[in-house]
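Read through the structure below, which is laid out as structure tokens, and then see the notes.
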Amino acid sequence: KEKFEITKEQQDFMNVILDAYNRHQIPPDVAKKLLQEQYSAEENFLLLTEMATSQVQVLVEFTKNIPGFLSLDHEDQIALLKGSAVEATFLRSAQAFSTKMPSGHTEVLEERIRKSGISEEFMTPMFNFYKSIGELHMVQEEQALLTAITIMTPDRPYVKDQQAVERLQEPMLDILRKLCALHHPGEPQYFARLLGRLTELRTLNHYHAEMLTSWRMNDYKFTPLLCEIWDVQ
Ligand SMILES: O=C(NC1CCCCC1)[C@H](C1CCCCC1)n1c(-c2ccc(-c3nnn[nH]3)cc2)nc2ccccc21
């Protein structure tokens, strides 16, 4: 078999992931809301916590559709969701930022985010990531697979059976490698660049706790689900 040829079972696997990814999309677009007007830090933080809460719920539903996930040890299932939730939020935010918009809208969106209440020091790493994701012009299959691969990362904290997670992540990496060759024939390095984004995503993970508490405002309100997932309050 040609090493780049996608087999029938890989195509079926990809369809399951893509169908789940499309079925579990975020409710109404946050970017549109932000383009309408500049909100206060408190309103923006509320918007973020609402969006992030619904995104976690969407993420759980999507993850349950990844073949093999539900047969993992239950505590490991939780560890994988907890370990990837923040990265999934930034990946989804990057995709929201990179969505094709009428000219000038992306600049307005960037301005709104810069003035949203997040402290300056996190703007550079965050926008560097958003722009590096945007430059990749990922097709939907790649976005769906990259999200599934991020969730199925064996070395998350508290994962007991890392081999079992590796066995689920490897087939997805193989499909992604073939998809990259298929959709980006002129860029042999494309697959490597895509995986490089996952490393950049982990660094945003490290910033996240500080980022959260750096919002210029006084009383922080989180939903119970975010307290669980973000280890806050
Ligand atoms: O709502 C959002 N993102 C949702 C997108 C869909 C999945 C769930 C998260 C936030 C906006 C909230 C309101 C103020 C402006 C930013 N957002 C962010 C963003 C900003 C700061 C943190 C953060 N994390 N910890 N402290 N701050 C996370 C995400 N990046 C975005 C890029 C494009 C569009 C929206 C974007």
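Where a number appears in this text, it was derived from the coordinates with a stated rule and is not lab data. Predicted model, so just to flag it, every value in this text is computed and none were measured. Methodologically, a virtual Cβ is constructed for each residue, glycine included, from the backbone with ideal geometry; neighbour enumeration extends over all protein chains shown.
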How many residues of region 202-233 are more than 21 Å from residue 156 (Cα to Cα) and away from the ligand (no atom under 12 Å from the Cβ)? The answer is 6
Given the conditions (1) assigned to a loop (DSSP other than H, G, I, E, B); (2) touching a Gly at 6+ places or on another chain (Cβ under 6 Å), which single one is not true for residue 186?
(2)
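So, of the residues in region 48-62 that are more than 14 Å from residue 25 (Cα to Cα) and of a type outside the set (A, V, I, L, M), which turns out to be surrounded by the fewest Cβ atoms within 10 Å (Cβ to Cβ)?
We begin by selecting, within region 48-62, every residue more than 14 Å from residue 25 (Cα to Cα); these are 48-50.
Keeping just the survivors that are of a type outside the set (A, V, I, L, M) gives 49-50.
Numbers: 49: 18, 50: 14.
The residue in question is 50.
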Within region 63-84, identify whether any single residue is within 11 Å of the ligand (Cβ to nearest atom), surrounded by 13 or more Cβ atoms within 10 Å (Cβ to Cβ) and not aromatic (Phe, Trp, Tyr), and answer yes or no.
no
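Suppose we filter region 13-30 for residues that are assigned to a helix (DSSP H, G or I) and either of a type outside the set (Ser, Thr, Tyr) or under 21 Å from residue 227 (Cβ atoms) (or both); how many remain?
Initial filter on region 13-30 (assigned to a helix (DSSP H, G or I)): 13-23, 30.
With the extra rule that they be either of a type outside the set (Ser, Thr, Tyr) or under 21 Å from residue 227 (Cβ atoms) (or both), the set shrinks to 13-20, 22-23, 30.
Number satisfying all stated conditions: 11.
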What are the residue pairs meeting all of these: first residue in region 83-95, first residue polar (S, T, N, Q), second residue surrounded by fewer than 22 Cβ atoms within 10 Å (Cβ to Cβ) and not in a helix (DSSP H, G or I), Cβ atoms under 9 Å, and 6 or more apart or on different chains?
84/153; 84/156
What pairs come up if the first residue lies in region 13-42 and is touching a residue at least 24 places away in the same chain (Cβ under 8 Å), the second is within 12 Å of the ligand (Cβ to nearest atom) and polar (S, T, N, Q), and their beta carbons are under 6 Å apart, counting only those six or more places apart or on different chains?
26/55; 27/54
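Can we say residue 192 is free of Cβ contacts under 8 Å to residues at least 40 places away in the same chain, away from the ligand (no atom under 16 Å from the Cβ) and surrounded by fewer than 18 Cβ atoms within 10 Å (Cβ to Cβ)? Write out each step before concluding.
Values: free of Cβ contacts under 8 Å to residues at least 40 places away in the same chain: yes; away from the ligand (no atom under 16 Å from the Cβ): yes; surrounded by fewer than 18 Cβ atoms within 10 Å (Cβ to Cβ): yes.
Against the criterion (free of Cβ contacts under 8 Å to residues at least 40 places away in the same chain, away from the ligand (no atom under 16 Å from the Cβ) and surrounded by fewer than 18 Cβ atoms within 10 Å (Cβ to Cβ)), residue 192 qualifies.
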Just the residues that are in contact (Cβ under 8 Å) with a residue 60 or more places away in the chain, within 17 Å of residue 198 (Cα to Cα) and assigned to a helix (DSSP H, G or I), please, taken from region 149-167.
150, 151, 165
I'd like the residue in region 126-146 that is in a helix (DSSP H, G or I) and among the acidic types (Asp, Glu) and, out of all such residues, is farthest from the ligand (Cβ to nearest atom).
141
Enumeration of residues in region 86-114 that are part of a helix (DSSP H, G or I), more than 9 Å from the ligand (Cβ to nearest atom) and among the hydrophobic types (A, V, I, L, M, F, W, C):
108
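Tell me the residue from 153, 199 that is surrounded by fewer than 17 Cβ atoms within 10 Å (Cβ to Cβ) and more than 14 Å from the ligand (Cβ to nearest atom), please.
On the way: 153 fails: surrounded by fewer than 17 Cβ atoms within 10 Å (Cβ to Cβ).
Step by step, each of 153, 199 is checked, and only 199 is surrounded by fewer than 17 Cβ atoms within 10 Å (Cβ to Cβ) and more than 14 Å from the ligand (Cβ to nearest atom).
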Does at least one position in region 142-155 carry a residue that is over 16 Å from the mean Cα position of the chain (by Cα) and farther than 30 Å from residue 111 by Cα?
yes
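Under the condition of being over 22 Å from residue 220 (Cβ atoms) and either assigned to a helix (DSSP H, G or I) or under 20 Å from the mean Cα position of the chain (by Cα) (or both), which residue from region 31-58 is farthest from the ligand (Cβ to nearest atom)?
Of region 31-58, the ones over 22 Å from residue 220 (Cβ atoms) are 31-32, 35-37, 58.
Then keep just the ones that are either assigned to a helix (DSSP H, G or I) or under 20 Å from the mean Cα position of the chain (by Cα) (or both); that gives 31-32, 35-36, 58.
Working: 31: 5, 32: 10, 35: 10, 36: 12, 58: 8 Å.
Out of the qualifying residues, it is 36.
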So residue 123 clears everything in (1) within 11 Å of the ligand (Cβ to nearest atom); (2) of a type in the set (A, V, I, L, M); (3) touching a residue at least 24 places away in the same chain (Cβ under 8 Å); (4) in a helix (DSSP H, G or I) except one condition, right? Which one?
(3)
